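Novice: Next up is a structure, given as structure tokens.
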Amino acid sequence: STLFPYTTLFRSDEYLRSQIEDVRAMLEIAEKADPSIPAAHYNMARYFIRNNNFESARRELKTALDCFDKIEFRNKKNCYQEIDTCRLLGELYAETREYLKAQEVYTRGINLYQSENESTGFEGDKNTGLLYADMGDIEYFISGDMDAALKNYENSILNKNDTASLNYRIGAIRYNNQEYDKALASFIKAFETQSSDINLLLSLGNVLSLREIG
């Protein structure tokens, strides 16, 4: 079934089946004990995502956001979970090309992070960085708003998501803006972990030649 793709487990891994079923049972108990707790729906959604049941995951994530709306006080753990809920739901929307819905929920998560960061010094985690990158990807690949994409990619890196692909895209945007020194710095950073990427090597060559001409 789509809900339990682990039915194709290797014979040597069959012992995992009962553990996976136990996890769902515990999550269901948590949801029934107090349906108003957003963490219960967030964790159930993560379970469904891991098992490729994306429609059920989407439903649980939307319920989690509704529950977050109703809590009177957000502690740090609530904030991290709500930010990640926004990221996960947005990614599910993006997968089905519902980009406006994805942007709306990404914006909610980003606004929450920025508000908490400004008021309490709340620090983003890797999921916060991934959220910024997700928003940047819509701007980079879909809407073509490169200035916004650049800002979100840079915020992603600042929030513990410093990857070669992000540095490459930042370099590409800087290159198109004729900011060749900044583009070179980003390409070199990407090159440190992706030295065999042909497109990256071509980009490095191009920016180096343009810097020499300039």
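Novice: Pick from I110, I138, I142: which is out of contact with any Phe, Trp or Tyr (no Cβ under 6 Å at 6 or more places or on another chain) and not in a loop (DSSP other than H, G, I, E, B)?
Specialist: Checking each option against the conditions leaves just I110.
Novice: If I filter the stretch 115-146 down to residues being of a type outside the set (F, W, Y), over 15 Å from the mean Cα position of the chain (by Cα) and over 28 Å from E179 (Cα atoms), which single residue comes out as most open to solvent (accessible area, probe 1.4 Å)?
Specialist: Here the answer is E118.
Novice: Kindly establish whether Y175 is among the aromatic types (F, W, Y) and surrounded by 20 or more Cβ atoms within 10 Å (Cβ to Cβ).
Specialist: no
Let's see how each residue does on (1) farther than 23 Å from N152 by Cβ; (2) open to solvent by less than 10 Å² (accessible area, probe 1.4 Å); (3) among the basic types (K, R):
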{"site": "M44", "(1), (2), (3)": "yes, yes, no"}
{"site": "T63", "(1), (2), (3)": "yes, no, no"}
{"site": "N75", "(1), (2), (3)": "yes, no, no"}
{"site": "N78", "(1), (2), (3)": "yes, no, no"}
{"site": "Q81", "(1), (2), (3)": "no, no, no"}
{"site": "E91", "(1), (2), (3)": "no, no, no"}
{"site": "E95", "(1), (2), (3)": "no, no, no"}
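Novice: Anything in the stretch 189-205 that is in a helix (DSSP H, G or I) and loosely packed, with under 15 Cβ neighbours inside 10 Å? List them, or say none.
Specialist: I198, N199, L201, L202, G205
Novice: Condition first: surrounded by 21 or more Cβ atoms within 10 Å (Cβ to Cβ) and of a type in the set (G, A, S). Now tell me which residues in the stretch 147-163 satisfy that.
Specialist: Result: A149, S156.
Novice: Suppose we keep only residues that are basic (K, R) and farther than 18 Å from Y47 by Cα within the stretch 71-114. Which one would you say is modelled with the lowest pLDDT?
Specialist: Residue satisfying both the conditions and the ranking: R74.
Novice: Which of the residues belonging to the stretch 46-61 are open to solvent by less than 50 Å² (accessible area, probe 1.4 Å) and part of a helix (DSSP H, G or I)?
Specialist: Those that are open to solvent by less than 50 Å² (accessible area, probe 1.4 Å) and part of a helix (DSSP H, G or I): Y47, F48, I49, S56, A57, R58, E60, L61.
Novice: With the condition kept exactly as written, say whether any residue in the stretch 20-31 is within 28 Å of Y99 (Cα to Cα), open to solvent by 70 Å² or more (accessible area, probe 1.4 Å) and either over 18 Å from the mean Cα position of the chain (by Cα) or modelled with pLDDT of 95 or more (or both).
Specialist: No, the stretch 20-31 has no match at all.
Novice: Can you say whether I110 is under 15 Å from the mean Cα position of the chain (by Cα), open to solvent by less than 20 Å² (accessible area, probe 1.4 Å) and under 23 Å from K77 (Cα atoms), as far as the supplied structure shows?
Specialist: Judged against the criteria, I110 is a match.
The values are calculated or read from the model by the stated rules, or taken from the named source; none is laboratory data. The shown structure was predicted, so the numbers you read here are calculated from the model rather than taken from an experiment. Cβ sites come from the backbone with ideal geometry, for glycine too, and all protein chains shown count toward neighbours. Just so you know, the surface numbers come from the protein's heavy atoms only, side chains and all, with ligands and any DNA or RNA stripped out. Shrake-Rupley method; radii C 1.70, N 1.55, O 1.52, S 1.80 Å.
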